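Heads up, the thing below is written out as structure tokens.
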Amino acid sequence: MSAIITPEQRILGAEPPIAKKANRLQATKLNNQMVNAYWEDLFRAKEEGRLVCWTEGIQLNPILQAADIAWCHGEAAAALLAARKESAAPQAHMETLGYDRELCSYARTHIGCGVMNQSSSVEAQTLLNVDARTLGSRIPAPDMIISAYPFCSTGQQWDNELYRTFGKKVPIFNISMDWVWGNKSSAKYMSGPEFREKVAFLKKQLQDCVRFIEGITGKPYDWDRLSEIMKYIKQAAELRLEAMRLCKARPSPASFFEWTNSIAPVNFLPGGPEIVHYFEQKKAEIESRIAQGIGSVPVEKYRLWWDGIMNWNKIGWLSDKFAGYDACMVAGRYTHMGFWQEPQVIDLRDPLDGMAQNYITCPISISAPQVIEKIIEHCEYYEIDGLILHGARTCRAFSYPQYMIADAVGKRLGLPVAMFEGDMVDETFYKDEVVSSRVEAMLEAIDASRARMR
């Protein structure tokens, strides 16, 4: 990335400073190894005689893992293709089929993988103009589809389109994720009659989903194995939260971008000792950094909060960009308010109830007032100076409350806000010059506020 040049430097014609880069955690390399191993295992699933499920939304992988079913998580597949610059082909092909670019880019990319999967090698090369051995075309066709999308109408339509793509021959099961309104005086975060009613409704659907799986496999479900898998997931989630909370330190030893790079172990990777070991390593490295006074950015002048899904093809770029501003993106709604974020409620004797509670408290399943209160808690704990709101152009479910968040959090905590548009997969919606101008204006506001307080 190019170095940030101040107005004074432009006037004086000074040489630009050496570009600052984020100080990345070494443990993240282990995450990348686990992700690569997972995808290679999935690519071999059919050769090894295993069933494959395509699923989207909540983390259903432990339920599938306990039944020895391989899984492709749609958002994970789309994010991987975006990060590896292979999302353009499936997206472009979906446009030729009439899918508007304003539709969810996760869905367009994943459905595009389904179309690529249905094509022969020659067709894939000729019609899609891609190598038939790209990641998207290597994902094995599904033996079943399970939809479990929180507060997103696209989720159910996404799976319906996959069902049609595969000739309406693949069994499909839909899990309805209820919205937690929280508009009664008895409603609190993770408590109250409404919350328990929603958890019970979801738990019953998870039980029905298990019966659906038993019908396809022809085998009784292994509940003991599910408990064992959830033991590892719970341990990993607890370690992750402990490591996150250590980032209250100044300078913060890890950033939101590091936690984004660590989503896979608590989102779609198999539950086992490997994910526990990963977060043990990550926490140990963070503790070591705190002891040595090492920060996630070379100089930490600003501590920021990121609201919105990550721009997957811009993780490294944005990490270095904010390092160039002496700004650490300490935490964010996407990473700190989801993905087994409430492990304490998981009872290994009855894991489905705790799983349902975690699914229901996904930050796009609870009402804006509850989301806002949790964001304020995080901003106060991490001593945040300003809010970055990334409006993912094709994810309305995550972006819809952002004006309310900007207004409520900004006013109550007196924090300046910078909003810009991008997308989680479709990089054509991202405009760097817009991001730069809005971020710089927000940082100037922080400086002005500090000057008035002196």
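Screening A200 with (1) open to solvent by less than 40 Å² (accessible area, probe 1.4 Å); (2) in a helix (DSSP H, G or I) gives one miss only, at (1). Taken together, P253, P265, P270 contain a single residue that is surrounded by fewer than 24 Cβ atoms within 10 Å (Cβ to Cβ) and modelled with pLDDT of 95 or more, which is P270. Residues that are farther than 20 Å from R303 by Cβ, among the aliphatic types (A, V, I, L, M) and open to solvent by 10 Å² or more (accessible area, probe 1.4 Å): does segment 375-390 have at least one? No; the residues of segment 375-390 include none that is farther than 20 Å from R303 by Cβ, among the aliphatic types (A, V, I, L, M) and open to solvent by 10 Å² or more (accessible area, probe 1.4 Å).
Regarding R289, is this residue more than 30 Å from A88 (Cβ to Cβ), crowded, with 21+ Cβ neighbours inside 10 Å and among the basic types (K, R)? Yes, satisfied. What do you reckon, is P90 modelled with pLDDT of 90 or more, in contact with a Gly (Cβ under 6 Å, 6 or more places away or on another chain) and in a helix (DSSP H, G or I)? So P90 fails the test. The test for being more than 17 Å from L64 (Cβ to Cβ), touching a strand residue (DSSP E or B) at 6+ places or on another chain (Cβ under 9 Å) and either open to solvent by 40 Å² or more (accessible area, probe 1.4 Å) or without any contact (Cβ under 8 Å) to a residue 40 or more places away in the chain (or both) does not hold for R245. Screening K301 with (1) basic (K, R); (2) buried (at least 18 other Cβ atoms within 10 Å of the Cβ); (3) under 21 Å from K248 (Cα atoms) gives one miss only, at (2). Every condition in (1) modelled with pLDDT of 95 or more; (2) under 28 Å from E280 (Cβ atoms); (3) not hydroxyl-bearing (S, T, Y) is met by I58 except one, and the failing one is (1).
Within segment 326-346, residues that are buried (at least 24 other Cβ atoms within 10 Å of the Cβ) have Cβ atoms under 6 Å from residues that are part of a loop (DSSP other than H, G, I, E, B) and at pLDDT below 95 in these pairs: R333/P363, counting only partners at least 6 apart in sequence or on another chain.
The values are calculated or read from the model by the stated rules, or taken from the named source; none is laboratory data. Just so you know, these numbers come straight off a predicted model, no measurement behind them. Every residue, glycine as well, gets a Cβ built from its backbone with ideal geometry; the counts of neighbours run over all protein chains shown. For the accessible areas, the whole protein counts, side chains as well, though only heavy atoms, and no ligand, DNA or RNA atoms are used. Shrake-Rupley method; radii C 1.70, N 1.55, O 1.52, S 1.80 Å.
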